[in-house]
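Note sheet for the following structure.
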Amino acid sequence: MALPKRYADRDEIASVRVEAEKVEPGDEAGEPRRVAGRVMARRDMGKLVFLDLVDRSGRIQLLVAEDRAGPVDLDVGDIVGATGIPARTKRGEPSLAVTELELLAKIRRPLPDTFHGLTETETRYRQRYLDLLMNEESRADFELRTRMVRAIRRYLDEQGFLEVETPILQPRFGGALADPFVTHSNEIDSDLYLRIATELYLKRLIVGGLERVYELGRDFRNESVSYKHAPEFTMVEWYEAYADYNDTMARIEDLVETVATHTIGTTKVTFRGHEVDLKAPWKRVKLVEALEERGLWTRDADDLRKRLEERGVDTSANESWSKLIDHALSHFVEPELIEPSIVYDYPVELSPFARPTDDDPEIVERFEFFVGGMELGNAFTEINDPEEQGERFAQQAADTSGQQGDPDYVEALSYGMPPTGGLGLGIDRLAMVLTGRENIRDVILFPQLRERP
């Protein structure tokens, strides 16, 4: 017999459960309800069968009496539709007294242990559908992530930003220091790069007069993975004309506080073993001062390398002073930034797109922000002078073994870009903070994994 192609007019299990909770124990009452979901447990007591039915909203017990709904030819894992009356057992369990039971999809493989859930980490990542089926916490985490993304969009929309879409396949890669994924277009017979950031295209839109823009989407970096790095990840970047990095600091504090409140109902979270409050204002410290406190600020590359190696740091991959400074920051400063913190005013060598401070041309108006010892994002007062931007691209190429610049972007700046503040926020990392998960793969539905041997 062919199974149904649809099951219309169903109620969410959570709403039916609320109705059932109002019924007196041992009784049933109310209008007939239709629910559908997956059978996650079965208990037989003579001619009465108890089924636990689960949909996205929740779980309810089905009371299936043979003399009322017929024999129950079902397995744990089957997907069924049920019609019945809200009820409670004599022990007070909210239930649905079934009058009609219909098989909608048949399970062909047995589910993992339905009591303990799916616990093997690699299987959870490779077969996320089983993880979602078996672990309510995983479902809750990804529903939280969806609410978080919705709250970010709502915040930016209400602040007058326009959500836009820019190319994923780009003729040049830029906006960050990272290795790209490369592909080839047969139509134009040219190599293209999966974007490593949305920055340069978004700032073209500022030149074009859109004034406040953001994009929330995927970026790709062909680099190593860690608890906070994935080759395919989600970022939101925004750019705001007539603003600088001070304005952007205030906005990111307000956004994170607002999004946390809307998403989890509080600004207090537990992340990486620490109780953290995301409420503004956040701690602020200058980068140079943070390194000076740890005896790691010097403009001499050889001296800095010596100081790092004396602390047991392998610097063999850090061929330039800028990479040594970045290593010092990530190794000795970042892990200690537990409460929400902003580190600002960076050396120009680390920041090819930021404007210099008024006091020191060697220091630029850039900041990064951290929670629980982990960077969440990065922001600048953007360069809007085309000649200066061209010089920075040349400097970047010298420091990074030839990473390309973007002449078209420099040309766009030559038409005039207003003073602009810009920021990038890691969506996956903020999701880690709000869910309390300590590995980025736990908040990405289908993380990249090696093929099985």
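No value in this document is a laboratory result; all are computed from the given coordinates. Quantities reported herein were computed from a predicted structural model and do not represent experimental measurements. Counting neighbours? That spans all protein chains shown, and the Cβs are built from the backbone with ideal geometry, glycine included.
Couple of notes before you dig in:
- Nearest 10 degrees, 0 to 90: helix 136-158 Cα axis against the chain principal axis: 50
- Rounded, prolate or oblate (a/c below 1.5 giving rounded, otherwise prolate when a/b exceeds b/c) for region 13-105 by Cα gyration tensor: oblate
- Fewest-first ranking of Lys90, Lys106, Lys228, using other Cβ atoms within 10 Å as the exposure measure: Lys90, Lys106, Lys228
- Calculated FRET efficiency for the pair Tyr227/Tyr7, C-beta based, R₀ 41 Å, to 0.05: 0.50
- Qualifying lysines (Cα of each under 27 Å from Cα of Lys90; at least 8 residues distant if same chain): Lys22, Lys47
- Loop-located chymotrypsin sites (Phe, Trp or Tyr not before Pro) across region 386-453 with a Cβ neighbour count of 16 or fewer within 10 Å are Tyr415, with loop assigned by DSSP.
- A cut-off under 12 angstrom between Cβ atoms defines the neighbours of Leu337, and their net charge, with Lys, Arg +1 and Asp, Glu -1, is -2.
- Sorted by Cβ neighbour density within 10 Å, fewest at the top, the residues Phe353, Phe142: Phe142, Phe353
- The chain: angle of helix 245-264 to the longest principal axis, Cα-based, in degrees nearest 10: 10
- Listed by Cβ neighbour count within 10 Å, with the fewest neighbours leading, Tyr346, Tyr129 appear as Tyr129, Tyr346.
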